[in-house]
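What follows draws every value from the coordinates through simple rules; no lab data is involved. Everything numeric in this text was worked out from a predicted model, so none of it was measured. Cβ sites come from the backbone with ideal geometry, for glycine too, and all protein chains shown count toward neighbours.
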Amino acid sequence: MQTSATGPAVHHPPRGERLDLTWLKPIGMIGLSVSNFIYRILTLGIYDFWARTEVRKRLWSAIRLNGEPLAYTGTGKELFLGFLIVFGVVLLPILIVSVAAILIFGPNSLTANLIQAAIYIAVFMLVGVAIYRAQRYRLLRTNWRGIRGNLQGSSTPYAMTYFLTLFLIPLTLGWIVPWRATKLQSMITNNVRFGSMPFAFRGNSGLLYGPYAVLWFGILVLFIVASAISGMVIGSIQGDLGPGLEPPDDVKQLYGLTILGVFALAYLFYLFMSAWYRARTINHFAQCTHFDSASFNGTATGIGLLWIDITNLAILIAGSLVVVALLSAIAALIFMIVPALVPATAMSPAEIQAYAAAMAAPVLVFIGALSFTLLLPVTQARSMGYLIDHLALEGSVDVNKIAQSTADPMATGEGLAQAFDIDAF
Amino acid sequence: MHSDLFHQRFEARYTDGRTAGSRDVMVELTERGILIPQDGSAAPLIWPFGALATAEPLTDHAIDALVTYSYQPGATLFVPGPRFARALATLAPQLTASAERWRAASPWLWGAAATVAIGVFVWLAGLSPAHTIANMLPDKARTAMGRQVVKSMTDGRAVCRDDAGLKALEKLTGRLVAATHDGKAFNVVVIDWGLVNAFATPGENVVLTSGLLDAANGPDEVAGVLAHEMGHGLELHPETGLVRAMGLAAATELLMGGSGTLSNLGIVLLQLSYSRDAEGEADDHAIAILRDARISSKGFARFFERMSKTDGSAKRLGKGGLGGMLSSHPDTDERLAKVLRSGGYAATPALSEREWAALKSICRTSLPSAKAGHSE
């Protein structure tokens, strides 16, 4: 994994070299999670932008090409400024306009509803812009051997495609999904540059339609089977009892649980199928992505992705439970200590406790709400690690041909994407 | 200082940032910085420790370091192995994770501490930012808010407007308004609603329910309730409550996304209950208004006492408005005593027998709710 610099200095390497893509599991992610969590609480949440940045630096560094790390050069300040700009230019005007519409035209009036609808449409149009610009920011802040990535072109065609095809999903009963995903992916990939060298997306959505049909009909069959089993369960009780009679409560409960179990199982199957389709999509997109004389090869599996998702969820819940347990202990301590600190003449002990509870409650709720994100960096590292471990770069790349990007590095971060919460890492 | 760290040599890989090509070099830590030899006879590069950056902050777990130098953008130096990273953490302590975190967080920590301190100060000093904002609202905005609130409160309920009843209500309102010495014209609306309640709404509006008129034993009792609600109005309590609720709703909307929380102001006001201090202020106004209008405060006290002691009255009163006034405060007796103490002046009945009868049957004629905001 680790390529140490041994052997003679290479002055004239062969025309192309194989680039070995590996994941070097980052150490100390739990410590980073805890430190970020504490700083976020103490700064009332503002540190989040810097916390996110440090996580990215660690994750990017864990991705190695020939043993040399990718570098994330973005800063917390850029993310923060990006957020402020989006807040001022997008979120605040939206809020002001919708509140003003309600105050002027009255709640539930036609005009107010029309204005609200227009705002929703505008927001959906901005989602595509946000995705594209976030990708650009991240690529511009990604270096390997000092060479920057970039995403060229305007975000408008992407945003329009994203927006228009979104409405076609229900109209086509979902059958546009593989085409749409491929189209959007190719629009991004074809504009990605590493330094002076372009990436290319070669391929179409044809190969995805087989797996998608399996998913589509699988969900249909799953739904029919689960409903049929539930129907049979209900039918069998009612058949034993004869028409018009209520079964006893314990029998009802048992059958209720059975039906719940059937649907839970169906949901698990659904999760597996969608993970399987997701894996096929990732591998297909990898295969379509070419760089110089190399292309990617994906080996992700549905079961692998599902395992990562489920264990990640368990990790987040565990982190939240730890925080909640700590909070409960602190709250109990406050309850015990406070009456002893305040002179008894001022208030009765019960009043003091009620007071302390009222003061501490918002703080505890704030921390409790954040608790789910405590171990987020750990789960992000696991997700990214799985993807990189199942991705290889095959073929050769002439690295000496790759010159530095002349693109203007975007000054501020991906606020828009963050505002819409479409941020993966 | 760290002489033991100097003159160690490390295998590294150097790129100049012009292409993605790289070459192997042996770098050396010196007092002046990292020394990077160059090809052939070119002088070696020296990267001073103060102008360095690393791709990830240095930690104890570091197994390698990717170093850049701010005066040579694009150039990178990758040094595998933990030894170099440890040495660099000692020689350039600003690159360690703890130093970088502290640098980023410390201004915000001070900011957060100041915010909390200001919050505590505002709370301890009894300042109310919402009240300040309510005070700054132009009358037009308050009137618009009031119309909106009355409209949503009377939604689906009829507005009572029997002619004789309206005349009686006008007379009672006029008598109380003249005693406020404030010059503000209050608009009082009766709605056909069985609930026993009264609400002050923004823009000097008061909403009375027919249930309250039914439950009152005489015009003095209604006069007391009206004077109390006018007191809330004079102190801008409804405006303050709405500003606070809107601030919270706006904050919630920003944090959670989605909208619609603000669309039902009336419901918000129905849920509001005023603080103990606010109720006290409204009582003081009520006492003063009743005294100057030469209406006995005994009626107010009687109604107050009856409502707070009747079984199930809290349920009949609902949550906001009068219900809040009676249910949320432990010191009802104290307040009652204050109202009783205020008596002892010459008083005449708030309305004549005939006018009172007319007011009680004001809901004989009613209008659909849509025009509530404009009714006099």
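Quick look at the numbers
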quantity	calculated
Shielding by partners - mean other protein chain Cβ count within 10 Å, residues of B:57-66	5
Neighbouring partner chain Cβ atoms per residue of B:98-104, average, 10 Å criterion	4
Average Cα contact separation per residue, chain A, under 8 Å, 6 or more apart, as relative contact order %	26 percent
Ratio Rg/Rh [Cα only; Rh per Kirkwood] for the protein assembly as shown	1.09
Unpaired by the 4.7 Å Cβ criterion, cysteines found in the protein assembly as shown	A:C288
Ascending count of other beta-carbon atoms within 10 Å, so fewest first, for A:D249, B:D163	A:D249, B:D163
Chain A: calculated mean residue ellipticity at 222 nm from DSSP helix runs of at least 4, using -39500 (n - 2.57)	-22000 deg cm²/dmol
Estimated translational D of the range A:270-315 in µm²/s (Stokes, Kirkwood radius over Cα pairs; 37 °C; 0.692 mPa s)	290 µm²/s
Averaged over A:93-104, number of beta-carbon atoms from partner chains that fall within 10 Å	3
Chain A: Cα Rg divided by the 2.2 N^0.38 Å rule of thumb	1.24
Once the Cα gyration tensor of the range A:85-198 is diagonalised, semi-axes √(5λ) in Å	35, 21, 8
The range A:212-274 and the range B:104-160: distance between their alpha carbon centers, rounded to Å	51 Å
Which of A:E78, B:E229 has the fewest Cβ neighbours within 10 Å, and the rest in rising order	A:E78, B:E229
Percent of C-alpha pairs per 10 Å bin, the range B:9-95, short to long	18, 57, 24, 2
R0 of 25 Å, Cβ-Cβ distance A:F217-A:L268: FRET efficiency to nearest 0.05	0.90
Mean Cα-pair separation over length for the range B:9-95, i.e. relative contact order, pairs under 8 Å, 6 or more apart, %	26 percent
Stokes-Einstein D (µm²/s) once Rh is taken as the Kirkwood radius of the range A:108-261 over alpha-carbon pairs, at 4 °C in 1.567 mPa s	63 µm²/s
